[in-house]
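The values are calculated or read from the model by the stated rules, or taken from the named source; none is laboratory data. Keep in mind it's a predicted model, so treat the numbers as computed, not measured. Virtual Cβ from ideal backbone geometry, glycine too; neighbours counted across all protein chains shown. We work out accessible area using only protein heavy atoms, side chains counted, and drop any ligands, DNA or RNA first. Shrake-Rupley method; radii C 1.70, N 1.55, O 1.52, S 1.80 Å.
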Amino acid sequence: MLECCSIYLFMNIIVENLTFAFNAKEYVLKDLNLHSQANSIAIVGASGGGKSTLLRIMSGLIRQNKDNDLHGKVSINGLSPEQLIDTKSIGFIFQEDSLIPYLTVQQNVELPLKLKGETNMESAEYFLSKVGLFNDRSKLPRELSGGMRTRVELARTFVTRPKVLFLDEPFVGLDEYWRTSLYKELELLREETSPITILVTHHIEEALTLANHIFVLGKHKHIIKDFVIEVPLPRVFDENPMAGLEDLKQGISKLIISDSLTNEKER
Amino acid sequence: MKKKGNIILLVVLAGLLLLIWEFAARGTDAELFISFPSKIVAFLVKNISFLLQSTAVTLVESLIGLIIATLFSFALMVLCFYFPKLMDIVLPLSVTSQVIPLITLAPLFALIFDIGLTAKIMMAALLCFFPIFINFANGVNLIPKSITELMQIYNISTTQKIIKFYFPLSLPSIMQGLKVSSTLAVIGAIMAEFCGAKIGLGKNLYLATKRLNPELIMSSIVLSAVLGGLLYVLVVLIENKLGYWYKQNKQ
């Protein structure tokens, strides 16, 4: 399936023969391979296809234990998921709200710094202003709209200047206006901290806007195809970010649908 | 406006019931057992200092019991955070322990600790422990998966998790448990006083049944209700202070 076979040393992201089952029988991922030189990849696929699980394995949230069956190799920037977590240099934005409800916006953004034992909170204020929430800094999360809460999550994630950024459907449930505005904020933040980004989404346009290497996770629990996008990032500031990518969008969409249909027939 | 109307309705209804009681019981056999409101009030006023003294004793017993139970369940939870396997033992044990009607232990405590305050405090604490502990454990389970995973991403120590996340995030559940326990504390203390005490509302109730003194029974019941309410309000006040972030009325 892989079209590129460069030397591993130049690979930012490597997943090799990854197999995972929550309990030894039902496989969520099977012999999954994924290699990329890009610094922003996206994994797309049908809902319930194991995308989130893959992201959790790559970020070290899911580890091998006695109940599950996990083997294979994952390496990002030369580090294993466990090493990544140990270096405390990863950021993760979850699909569900993960703001701390009893902390104000500012305290939420300061939290990762405080947990790291830092005393200088200037960067918290800096990132708050960067996402345009400085004036709302003393509000509680519940007083903010969904889009604003996602902004706080962005600020809180970038405040530690992560080297690797995991995004699990971060903008789900937001309208087009908020999505576009958050894409722009994300790109500005990435420009400043340049993390390796791994995005999981079922929104193909989102993947095409934010990533330059797109992997399609099929129902057979491995990557069925990948596409490298040559147009450099960020694209969201262009007048029409999807210019020239419309065909690709249609293609990926058809691929996902036909893949799920073949599976239906096999059953 | 609607709330105010409800309160007025409630007061009128209560007043009506008291009036019926007053005139139905007065001069009949029922007077011997349940007395009637004006007589009870007169008794209450006459013996106010003694009655308040008994109430104060019961209050101290139940309050200390409640505090001990709270601290004990917090300590146990902290232990379970450090040693998660412990929870697999403690949880089923504390749940099955609830099939014992705990108040049956009151005579035993009276026997062991004699008629001092200890037996009452222990009894109150014993009744209070379970609701606080089980609600706390439940509250920890209710922490959203995304926040649990965030703690993993931050790669922080158990101590940090406990202080920054587990305790504050389970506050709504802890408070729920404390509200239940605040009334149980009074029940525990009074139950223990039944089994032997120098002074207290339970002691009053016990004596009054032996001496057929319905005024003492009724005024003690009223005062224990006030006591239960007092402890409940105390918990609510603490919750209003700490729970500003989930209490809706604040907005």
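Couple of notes before you dig in:
- Label point at A:Val228 placed 7 Å out along Cα→Cβ; residues across the range A:15-37 whose backbone nitrogen lies under 18 Å: A:15, A:33-37
- Our summary gives the range B:84-170 a relative contact order of 26 percent, counting only alpha carbon pairs under 8 angstrom and 6 or more residues apart.
- In Å², nearest 10: area of A:Lys139 left accessible to a 1.4 Å probe: 70
- Distance between the modelled labels on B:Tyr246 and B:Leu91, one decimal in nanometres: 1.8 nm (7 Å Cα→Cβ projection).
- Using the Cβ-Cβ distance between A:Glu125 and A:Glu191 with R0 set to 25 Å, the FRET efficiency from 1/(1 + (r/R0)^6) comes to roughly 0.80.
- Exposure ranking of A:Asp136, A:Asp175 by accessible area [1.4 Å probe, largest first]: A:Asp175, A:Asp136
- Inter-label distance for B:Ala56 and A:Glu176, nm, one decimal - labels placed 7 Å from Cα along Cα-to-Cβ: 7.3
- Share of pairwise Cα separations in chain A, more than 33 Å, in percent: 21
- Working note: 222 nm ellipticity from helices only, DSSP H runs with n ≥ 4, each -39,500 (n - 2.57), summed and divided by the residues of the protein assembly as shown, gives -18500 deg cm²/dmol to the nearest 500.
- On Cα atoms only, tilt of B:201-211 relative to the major axis of chain B in degrees: 30
- Pairwise centroid distance, computed over Cα atoms, of the range A:155-184 with the range A:61-91, Å: 22
- Rg and Dmax of the range B:46-86, Cα atoms only, in Å: 17.5, 58
- Rounded FRET efficiency, nearest 0.05, which uses the C-beta distance separating B:Val99 from B:Lys210 and R0 of 25 Å: 0.20
- Surface listing: A:Thr180, A:Thr209 arranged by accessible area from highest to lowest gives A:Thr180, A:Thr209, probe 1.4 Å.
- Annotation: Cα Rg of the range B:1-79 relative to the compact-globule expectation 2.2 N^0.38 Å equals 1.76.
- Of the residues A:Lys254, A:Lys51, A:Lys30, ranked by 1.4 Å probe accessible area with the largest first, the sequence reads A:Lys254, A:Lys30, A:Lys51.
- When both bridge partners sit in the protein assembly as shown, DSSP labels roughly 50% of those beta bridges antiparallel.
- For chain B, built as a Gaussian network whose Cα springs stay under 10 Å, the top-fluctuating residue of B:Gln98, B:Gln176, B:Gln53: B:Gln98
- Across the range A:149-183, the residues whose backbone nitrogen lies under 20 Å from the label position 7 Å along the beta-carbon direction of B:Asn155 are A:156-168.
- Cα radius of gyration and Dmax for chain B (Å): 22.2, 75
- Kirkwood's formula applied to the C-alpha pairs of the protein assembly as shown gives a hydrodynamic radius of 27.7 angstrom.
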